[in-house]
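**Student:** Got a structure for you, questions after.
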Amino acid sequence: MLNAQLKSDIVAYSKTIGIDKIGFAAADPFKSLKERLRRQQDLGYQSGFEESDIEKRTEPELLLNGATTIISIAIAYPSRMKESPRSKRGERRGLFCRASWGVDYHHVLREKLSLLDAYIKSKVPEVSTSSMVDTGELSDRAVAERAGIGFSGKNTMTITEEFGSWVYLGEMITDLYLEPDEPVEEGCGDCNICVDACPTGALIEGGQLNASKCIAFLTQTKGFLPDQYRSKLGNRLYGCDTCQLVCPKNKGKDFHHHPELEPDPEMVKPKLIPLLTMSNREFKEKFGNAAGSWRGKKPIQRNAILALAHYKDETAIETLIELMQKDPRPVIRGTSAWALGKIGGDKAYHALYMEQMREKDKDAANEIAKGLSMLQNKV
């Protein structure tokens, strides 16, 4: 009875600190998840960003001795932007996905979990806890599903009744017993819209993702983007929202509960050309508080170059030529060369032709050759 009252108190307190949804799950091993993760590993579907130890990802007891309960929390974030700036000729813009709008959600959720932790310890001083957000060992989505926050959709997102999939997730393992909530039984049914809409075919089947093909993953890589994905990127600088935007469960869902998660339009839809010559300091000043900045400026700049190629923006040719000739990073030089070939024109051709004799890096030289080939094929 005491624990039932404590659970009720925790739920009530969570609402006072801005947690939009909270659920409780038993800290038993995630056996079916373990099988799925092994299959993903065998098929080479993992991104490399996740915890590599499958045992740690599926055995809460390995993360906290005496683990009994996992508390799952969800915070809703906006799906629409007020006063979204328009992309126009000469001022083309890129786009950060909604999970990178506002302040880095890792900080926001960790603060909520810290407050929740302090509250629980004020009630039960001897309790042990361990909290994590996204980069922890446990699968946020598997925990959320077990805790009744929502169900796992075919797009691999946790879909809640109230907020759709526009939620950030975090969890706390504890050795305190609290009555588990019932998992949500609802699912996607016959709907396959997200699988069909995925630009790269990364959603292999309902609920399984080949992360190595997912645009959200690809935008975070630091090397040359594989040729077959360059035209799929569009104007995306970080992440991809396609599988969420097409989901019927997200129709009409847009929440602005947390001021710190509101997007700065000029930050999340920045002009592309100024991005290309930004210093490290300028990049940190503008993007440093966003989740999408965690890999640094090189992937964002590479993606901005590909976005300019997507737009065939002739006003970017001068800047791209300068990058191809002078940037110290082979990925930026080479991607600029490829973009020049995509945009086309005599000026681009001449610059590529001259640069092919100077470029010493093998990979960058290969991109120059690709750029020249594209222009020659247009003649």
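Throughout, read-outs are computed from the coordinates displayed, never taken from laboratory work. All values derive from a computational prediction rather than experimental measurement. With ideal geometry, Cβ positions are generated from the backbone for all residues, glycine too; neighbour counts draw on all protein chains shown.
**Student:** Mean Kyte-Doolittle of at least 1.6 and a Cα length of 30 Å or more along the axis: which whole DSSP H helices of the chain meet both?
**Tutor:** Sorted by number, there is nothing, because no helix extends far enough and scores high enough.
**Student:** So which lysines can Lys121 reach, going by Cα to Cα under 24 Å and dropping same-chain residues fewer than 8 places off?
**Tutor:** Filter leaves Lys7, Lys15, Lys21, Lys112.
**Student:** With a 10 Å Cβ neighbour count serving as the proxy for reagent exposure, in which order, fewest first, do Glu126, Glu266, Glu171 appear?
**Tutor:** Details: Glu126 7, Glu266 11, Glu171 27.
Ordered by Cβ neighbours within 10 Å, fewest first: Glu126, Glu266, Glu171.
**Student:** Give the calculated FRET efficiency between Lys326 and Leu115 to the nearest 0.05, with a Förster radius of 56 Å applied to their Cβ-Cβ distance.
**Tutor:** The formula returns an efficiency of 0.70 here.
**Student:** Using a Gaussian network model of the chain with C-alpha springs under 10 Å, which one of Pro270, Pro248, Pro226 is most mobile by mean-square fluctuation?
**Tutor:** Result for the chain, Cα springs under 10 Å: Pro226 fluctuates most.
**Student:** Let me ask you something else. Need one word for the stretch 282-375: rounded, prolate or oblate. Basis is the Cα gyration tensor (sqrt eigenvalues a ≥ b ≥ c); a/c below 1.5 gives rounded, then a/b vs b/c decides. Intermediate values should be presented prior to the final figure.
**Tutor:** On the way: a/c = 2.40, a/b = 1.70, b/c = 1.41.
It comes out prolate by the Cα gyration axes.
**Student:** Oh, and also: For the chain, what does -39500 (n - 2.57) per DSSP helix run (n ≥ 4), summed and divided by total residues, give at 222 nm, in deg cm²/dmol to the nearest 500? Can you show the working numbers first?
**Tutor:** Working: 17 runs with 159 residues, N = 379.
For the chain, the value works out to -12000 deg cm²/dmol.
**Student:** In which sequence would Ser128, Ser152, Ser32 go, from the one with the fewest C-beta neighbours within 10 Å to the one with the most?
**Tutor:** Fewest-to-most ranking of Ser128, Ser152, Ser32: Ser32, Ser128, Ser152.
**Student:** Further question: How many percent of Cα pairs in the stretch 122-196 exceed 16 Å?
**Tutor:** 57
**Student:** Related question: How many Å³ per residue does the convex hull of the Cα positions in the stretch 129-173 occupy?
**Tutor:** It comes to 72 Å³ per residue, whole-number rounded.
**Student:** OK, next. Per q in 0.13 1/Å, what log10 I(q)/I(0) does a Debye calculation on the alpha-carbon atoms of the chain return?
**Tutor:** Result of the Debye calculation: -1.06.
**Student:** Let me ask something additional. What's the long-distance tail for the stretch 204-285, i.e. % of Cα pairs beyond 17 Å?
**Tutor:** When every Cα pair of the stretch 204-285 is considered, 64 percent fall beyond 17 Å.
**Student:** Sticking with this one: Which FRET efficiency value, to the nearest 0.05, is calculated for Gln208 and Lys360 with the Förster distance at 51 angstrom and r the Cβ-Cβ distance?
**Tutor:** 0.75
**Student:** Taking a ≥ b ≥ c as the square roots of the eigenvalues of the Cα gyration tensor of the stretch 1-141, is the shape rounded (a/c under 1.5), prolate (a/b larger than b/c) or oblate?
**Tutor:** oblate
**Student:** Next up: Determine which lysines satisfy two conditions relative to Lys88: a Cα distance under 25 Å, and not lying fewer than 8 residues away in the same chain.
**Tutor:** Correct list for Lys88: Lys232, Lys269, Lys271, Lys286, Lys297, Lys298, Lys312, Lys342, Lys347.
**Student:** With a ≥ b ≥ c taken as the square roots of the eigenvalues of the C-alpha gyration tensor of the stretch 150-267, please select rounded if a/c is under 1.5 and otherwise prolate if a/b is larger than b/c or oblate if it is not?
**Tutor:** prolate
**Student:** Please rank Phe96, Phe283, fewest neighbouring Cβ atoms within 10 Å first, as an exposure proxy.
**Tutor:** Fewest-to-most ranking of Phe96, Phe283: Phe283, Phe96.
**Student:** Net charge within 11 Å of Arg333 by Cβ-Cβ distance, Lys/Arg positive one each and Asp/Glu negative one each, not counting Arg333 itself?
**Tutor:** With Lys, Arg at +1 and Asp, Glu at -1, the net is -2.
**Student:** How big is the gap, in Å, between the Cα center of the stretch 323-349 and the Cα center of the stretch 212-291?
**Tutor:** 22
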